[in-house]
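Contents: one structure, followed by commentary.
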Amino acid sequence: MTNNKYILDWVKEMADMTCPDKIVWIDGSEEQAEKLRAEACSTGEMIKLNQELLPGCYLHRTAINDVARVEGRTFICTPTKEEAGNINNWIEPSECYERLKKIYRGSMKGRTMYVIPYSMGIVGSDFAKYGIELTDSIYVVLNMLIMTRVGNDVLDAIGDSDNYIKGLHSKAQLDENNRYICHFPQDNTIWSVNSGYGGNVLLGKKCFALRIASYLGRKENWMAEHMLILGVEFPNGETKYVCAAFPSACGKTNLAMLIPPEVYRKKGIKTWTVGDDIAWLRIGKDGRLWAMNPENGFFGVAPGTNEKSNPNALHTCMKDTIFTNVCHNLDNNTVWWEGLDNNPPKNALNWKGEKWDYTKYDKADKINTSGAHPNSRFTAKAVNCPCLSKEFNNPAGVPVSAIIFGGRRAKTAPLVYQSTSWQNGTFVGSIMASETTAAASGAIGVVRRDPMAMRPFVGYNMGDYWQHWLDMGKIIPHAPKIFHVNWFRTDDNGNFIWPGFGDNLRVVDWILARCEGKVDADLTAIGYVPKPEDINIEGLDGIT
Ligand code: GTP
Ligand code: SPV
Ligand code: MN
């Protein structure tokens, strides 16, 4: 534990309000984690899966009304509305605290409060930032143990300072009308209540590593972005890194873990995953922009993940994984989701835990007819990823050659284009648009503006965020080049035109060649577009 008075006083204050039966400090040990898993299985909160086929794997189902981030219930509570801007929901901080205190009061009665000290980034390193999450959910504890670095060494690193993010989470009654995900950037505080789902409750992720961190980054001249980090290793042994910002469920995990097409593999080109969701970007001593992944695991979209689309993700989640809201195959006590294979289980429970009849599947009504929820997820350890970069644990991260923006656009946006400068690239990011997905509650497939894929995650005024991008451009001596891609254009029959997945490396290859000035391009009104012959389509069927 700790003698830190700030921490002890705060834990006491929160416990006095929420009234848990007991308080348990999470120490990061395997023994403690195993006890919690056993407890969660004994209450039905988790189901232990077939340990021969899926060692260390569990299934969890959330409440039916609680399956995605809730942007309408997410608030940035700055002293003035102006600071939060006109895209974020805002509540005045003292009013918000008062409103939420009423909901938290006594909400942990009969439950345990877990105290999770965690680090975003390598514990003790220059760029790590620390948080403590208080929660009444074992599921949250077990997910945080995978997604972040947890344990007593975090308390040691915090020492006697009050420099840590104070996160409070209670499932309370899972009442969607009183669900709140609230951020108080000036107080280093996050309060989340009445949800048990992913980004609403794993407070190190979107709440801290994007919303609070983006606020801190603006003050401290760095950036927190919704970006994957991918390394491409060339036969000469050199590895180049790109960061890509795509909105939720638009392909970050897939690009981060891609397997090169055969023609590239034959040449000896390899790809490595540094991160799949969040990048913290800082200016290095060499004047380049460096990206580090503050997370320690992947909270990835399950549907669509298969041996062909993303074998690396599939292998990553074959052990030590928590599956959330997927389909439960009762014949062999394993899991299934749409797009895993063409053999839906005949004896299975759907994501709601009801007997599931795969013959009733209706694409137009996935929520009610699919086996797995469209936003079902796997929480898997980074160390289990076959293509994890050897730089994954480098506290400084990796130097970035290119930043790639991209959305899910059936029409309009071309496969790839390059901005003409950092300023123009900032503009390209700012006008990003994408069809909405199941990752957030609300309509699906509607084109909406999602600047830099950060619309739901900027912890302050979007206008100030764009200014911060422009300001950063002025102080990065060797800034990355900025590109825009779209893997999701469809033909008149609604089929994807571009094969996507591993073949996206063909586009990244052009991007890296542009960064090195190795290939020419045509300047158009939107920026530089490739000459058709410069995108390598060798080995691609049907594309001319
Ligand atoms: P978050 O974790 O929500 O931030 O999402 P993400 O950006 O990591 O999305 P992910 O890679 O999990 O992809 C979401 C969905 O898009 C999956 O169903 C994928 O199968 C699909 N997808 C990913 N890449 C491609 C691609 O290149 N082409 C096509 N057609 N679909 C893709
Ligand atoms: C996203 O929605 O962008 C995610 C999943 O990565 S969540 O953690 O729920 O935000
Ligand atoms: Mn995400």
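Here, each number is a calculation from the coordinates, and none is a lab measurement. Values in this document were obtained by computation on a predicted structure and should not be read as measured data. A quick note on method: Cβ atoms are made from the backbone with ideal geometry, for glycine too, and the neighbour counts reach across all protein chains shown.
Below is a table of values for the structure above.
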| item | result |
| --- | --- |
| Centre separation in Å (Cα based) which lies between segment 391-439 and segment 224-283 | 13 Å |
| Per-peptide average of other Cβ atoms within 10 Å, ordering 352-365, 321-334 highest first | 321-334, 352-365 |
| Projected-area average for segment 357-424 over all orientations - Cα convex hull basis, square nanometres | 9.2 nm² |
| Taking LYS285, LYS518, LYS81 and counting other C-beta atoms within 10 Å, the order from fewest to most | LYS285, LYS518, LYS81 |
| Inter-part distance where segment 333-353 and segment 90-135 are each reduced to a Cα centre, Å | 35 Å |
| Paramagnetic reach from LYS5 (point 7 Å along Cα→Cβ, amide N under 20 Å) across segment 141-176 | 155-166 |
| Where the Cα pairs of segment 97-237 fall when distances are cut into 5 Å bins, in % | 2, 9, 19, 21, 19, 14, 8, 4, 2, 1, 1, 0, 0 |
| Principal axis box of segment 164-304, alpha-carbon based, largest edge first, Å | 56, 40, 20 |
| Convex hull per residue volume in Å³, alpha carbons only, for segment 78-154 | 139 Å³ |
| Gain in span if fully extended, ASP541 to ALA38, counting 0.36 nm per residue against the direct Cα distance | 176.1 nm |
| Pairs from LYS5/LYS219; LYS352/LYS411; LYS206/LYS252; LYS252/LYS481; LYS12/LYS81 whose Cα-Cα separation, in the structure shown, is over 24 Å | LYS5/LYS219; LYS352/LYS411; LYS12/LYS81 |
| Hydrodynamic radius of segment 302-372 per Kirkwood, over alpha carbon pairs, in Å | 12.4 Å |
| Computed Rg/Rh of segment 285-416, alpha carbon atoms with Kirkwood Rh | 1.07 |
| DSSP-defined beta bridges in the chain - what % are antiparallel, rounded to 5 | 65 percent |
| Neighbourhood net charge (15 Å Cβ-Cβ; Lys/Arg +1, Asp/Glu -1) for VAL428 | +2 |
| Dimensions (Å) - the chain, Cα atoms, principal axes, largest first | 67, 57, 41 |
| Extension gain, GLU13 back to ASN493 (0.36 nm per residue minus Cα-Cα distance, nm) | 166.9 nm |
| Sites LYS101 and ASP331, calculated FRET efficiency, Cβ-Cβ separation with R0 41 Å, nearest 0.05 | 0.25 |
| Label-point gap, in nm, between LYS285 and LYS22 - each point 7 angstrom along Cα→Cβ | 4.9 nm |
| Taking N as its residue count, the alpha carbon Rg of segment 1-139 over 2.2 N^0.38 Å | 1.27 |
| Additional length obtainable on full extension of the chain from GLU82 to LYS363, 0.36 nm per residue less Cα span | 97.0 nm |
| Hull-based mean projected area of segment 388-465, where the convex hull spans the alpha carbons, in square nanometres | 7.6 nm² |
| Leading residue at positive end of dipole, the chain (Cβ point charges), from LEU289, THR112, PRO79 | PRO79 |
| 5 Å binning of all Cα-Cα separations within segment 141-212, expressed as whole percents from 0 upward | 4, 15, 24, 24, 20, 9, 3, 1 |
